[in-house]
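Notes to accompany the following structure.
The values are calculated or read from the model by the stated rules, or taken from the named source; none is laboratory data. Note that the structure is a prediction, hence the values are computed from the model and not measured. When we count neighbours, we look across all protein chains shown, and the Cβ atoms used for this are built from the backbone with ideal geometry, even at glycine.
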Amino acid sequence: MSIYKFDEDDLFTNTIEAYPEYRFYTQSGSIYINSLPHLSGANTDNIIGVPKGFISLYEYNIDRPANNSIYPFIEKDGHRVSFKKVKKTTYNTSVLFGEQNVGSYNMSASISRYYYGATATRSKLFALKNTLNEYVTHSPHYQYSSSLGDKNSQVVNLISIPSILYGSKIKKGSVSLKYYVSGSLVGELKDENYNGELVQVGPEGSTGSGSVAGVCLYREGFMVLTGSWELNSTAIQTDQNGPSKWIHFNYGANDGNSPALTTLSASYAMEYKGTTHTQTLTMFAHAPYGELNHSNNPTFFDSSEVQPIQTGSLQYLEEPRKIKNVVHSQFLDVEPDFVKTTYISKVAIYDEDKNLIGIAKIATPVRKTEEKQYTFKLKIDI
């Protein structure tokens, strides 16, 4: 086996910035992510093993029955290693040596909503006070308490988006919130100013057009909606069972409410682009002229000329073997000139201690002769 060391010019580290699109549609308390339907399996009502409207972090336990699911475990021994959520007293008294300390999958995530009435305790919103005030340089509407409104006493609709659903931050200018009643669009918000203000942009000429109905915390993944004007006079099922308002947007989205299917309710669409940064390592592996043209594979030798092995008390003698000529002639009964040939099918990567850390497989083996050289471009996301 030939081992080559990567030169400085053979290794490149880059960061790929991508903007994945996300779409959430909420109707009658059901959430649909990126238009994916809720699929039931043979063993579960949701084939990916998490609640409907959620994504699975690891995508384990696909259509597995509850008594045959994949789970993490640690066997108790002298190292006394356990899961973080297990209390010390429980570990010492309830788990015996040799027994398994069992965890559980699946880890899942989805959007959620928190509605705060005028007199409600708002612990989660209050925790964002300093963050909101920090964004004031972008827009005065972020101010927690100002002439534009006091979020201590305002009716506030807080939409929470977990980071797995946007990456490092939400991309500015990509946010769109749409409010539907009986299938008709009654309001749309966009951050068209790229400063976090959620401005009503449609329908054209509707009540509240051009007004700021809330703000977006791009890095933290929150939408803070305070718009309380009527979008539609039709009474629907909301927090107050009245006309449509932005403070009722996404009613039923993991907020403890279950809209009745027999009652007129709204549907909601939320779209945005996330921002992800992926470290990428690019490696160039070279196959030089006149090298990598020998193989230890038995098929490399001509099996029709097997030489006997001579052994004795003082020797082990194996006669030279003839390398198979894989070159074919276009003419019958003509022996083509011998060309030493190998086929490269894999490139193995080793660390400095010669431990195998990765293998790159080539879709179609590459024919290598002594007159040819190749460079293989390998790329891995870190």
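On the given criteria, is Ser40 at pLDDT 85 or above, surrounded by fewer than 16 Cβ atoms within 10 Å (Cβ to Cβ) and polar (S, T, N, Q)?
Details: at pLDDT 85 or above: yes; surrounded by fewer than 16 Cβ atoms within 10 Å (Cβ to Cβ): yes; polar (S, T, N, Q): yes.
Yes: the conditions hold for Ser40.
Can we say Val201 is touching a residue at least 24 places away in the same chain (Cβ under 8 Å), closer than 30 Å to Pro20 by Cβ, β-branched (Val, Ile, Thr) and not in a loop (DSSP other than H, G, I, E, B)? First the steps, then the outcome.
Numbers: touching a residue at least 24 places away in the same chain (Cβ under 8 Å): no; closer than 30 Å to Pro20 by Cβ: yes; β-branched (Val, Ile, Thr): yes; not in a loop (DSSP other than H, G, I, E, B): yes.
It is false that Val201 is touching a residue at least 24 places away in the same chain (Cβ under 8 Å), closer than 30 Å to Pro20 by Cβ, β-branched (Val, Ile, Thr) and not in a loop (DSSP other than H, G, I, E, B).
Please verify whether region 211-222 includes one or more residues that are of a type in the set (A, V, I, L, M, F, W, C) and either part of a loop (DSSP other than H, G, I, E, B) or outside the structural domain of Ser168 (by TED's automatic domain parsing) (or both).
If we filter region 211-222 for residues that are of a type in the set (A, V, I, L, M, F, W, C), which is where we start, we get 212-213, 215-217, 222.
Next, from what is left, pick out any that are either part of a loop (DSSP other than H, G, I, E, B) or outside the structural domain of Ser168 (by TED's automatic domain parsing) (or both): none.
There is no residue in region 211-222 that is of a type in the set (A, V, I, L, M, F, W, C) and either part of a loop (DSSP other than H, G, I, E, B) or outside the structural domain of Ser168 (by TED's automatic domain parsing) (or both).
Counting only residues that are closer than 30 Å to Asp10 by Cβ and polar (S, T, N, Q), give me the strands (runs of 3 or more DSSP E) lying completely in region 241-352 with at least 1 of them.
Values: elements: 266-287, 309-311, 316-318, 341-350.
Because the criterion is at least 1 residues that are closer than 30 Å to Asp10 by Cβ and polar (S, T, N, Q), the strands (runs of 3 or more DSSP E) in region 241-352 that meet it are 266-287, 341-350.
Across region 152-185, what is the number of residues that are outside any loop (DSSP other than H, G, I, E, B), closer than 18 Å to Arg122 by Cα and of a type in the set (Val, Ile, Thr)?
Applying the first criterion (outside any loop (DSSP other than H, G, I, E, B)) to region 152-185 yields 156-160, 163-165, 167, 169-170, 176-181, 184-185.
Remaining after also requiring closer than 18 Å to Arg122 by Cα: 156-160.
Next cut, of a type in the set (Val, Ile, Thr) only: 156, 159.
So the answer is 2.
Mind listing whichever residues of region 362-382 are over 18 Å from Thr278 (Cα atoms), not in a strand (DSSP E or B) and not acidic (Asp, Glu)?
Lys372, Gln373
Restricting the search to region 87-118, which residues are under 26 Å from Ala66 (Cα atoms), at pLDDT 85 or above, over 35 Å from the mean Cα position of the chain (by Cα) and not hydrophobic (A, V, I, L, M, F, W, C)?
Gly98
Listed here are the residues, each with its yes/no results for (1) buried (at least 17 other Cβ atoms within 10 Å of the Cβ); (2) hydrophobic (A, V, I, L, M, F, W, C); (3) in contact with a Leu (Cβ under 9 Å, 6 or more places away or on another chain).
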residue: Glu99; (1), (2), (3): no, no, no
residue: Tyr105; (1), (2), (3): yes, no, yes
residue: Arg122; (1), (2), (3): yes, no, yes
residue: Asn133; (1), (2), (3): no, no, no
residue: Val155; (1), (2), (3): yes, yes, no
residue: Ile164; (1), (2), (3): no, yes, yes
residue: Gly167; (1), (2), (3): yes, no, no
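Can you spot a residue in region 192-199 that is aromatic (Phe, Trp, Tyr) and farther than 30 Å from Ile55 by Cβ?
Of all residues in region 192-199, those aromatic (Phe, Trp, Tyr) come to 194.
From what is left, the residues that are farther than 30 Å from Ile55 by Cβ are none.
No, region 192-199 has no match at all.
Could you tell me whether any residue of region 357-366 is farther than 30 Å from Glu8 by Cβ and of a type outside the set (Asp, Glu)?
Here is the first cut: in region 357-366, the residues farther than 30 Å from Glu8 by Cβ are 364.
If we keep only those that are of a type outside the set (Asp, Glu) as well, we get 364.
Yes, some residue in region 357-366 is farther than 30 Å from Glu8 by Cβ and of a type outside the set (Asp, Glu).
In region 112-151, how many residues are touching a residue at least 60 places away in the same chain (Cβ under 8 Å) and either not in a loop (DSSP other than H, G, I, E, B) or not assigned by TED's automatic domain parsing to the domain that holds Asp191 (or both)?
Residues flagged as touching a residue at least 60 places away in the same chain (Cβ under 8 Å) and either not in a loop (DSSP other than H, G, I, E, B) or not assigned by TED's automatic domain parsing to the domain that holds Asp191 (or both) within region 112-151 amount to 11.
What is the one condition in (1) at pLDDT 80 or above; (2) in the same structural domain as Leu189 (by TED's automatic domain parsing); (3) of a type in the set (S, T, N, Q) that Thr262 does not satisfy?
Of (1) at pLDDT 80 or above; (2) in the same structural domain as Leu189 (by TED's automatic domain parsing); (3) of a type in the set (S, T, N, Q), only one is false for Thr262: (1).
Applying the selection to region 36-94, what residues are touching a Ser or Thr at 6+ places or on another chain (Cβ under 7 Å), farther than 20 Å from Ser108 by Cβ and not hydroxyl-bearing (Ser, Thr, Tyr)? It would help to see each step written out before you state the result.
Pass one, region 36-94, residues touching a Ser or Thr at 6+ places or on another chain (Cβ under 7 Å): 46-57, 61, 63, 71, 74, 91.
Going one step further and asking which of them are farther than 20 Å from Ser108 by Cβ, we end up with 74, 91.
Residue satisfying the conditions is Ile74 alone.
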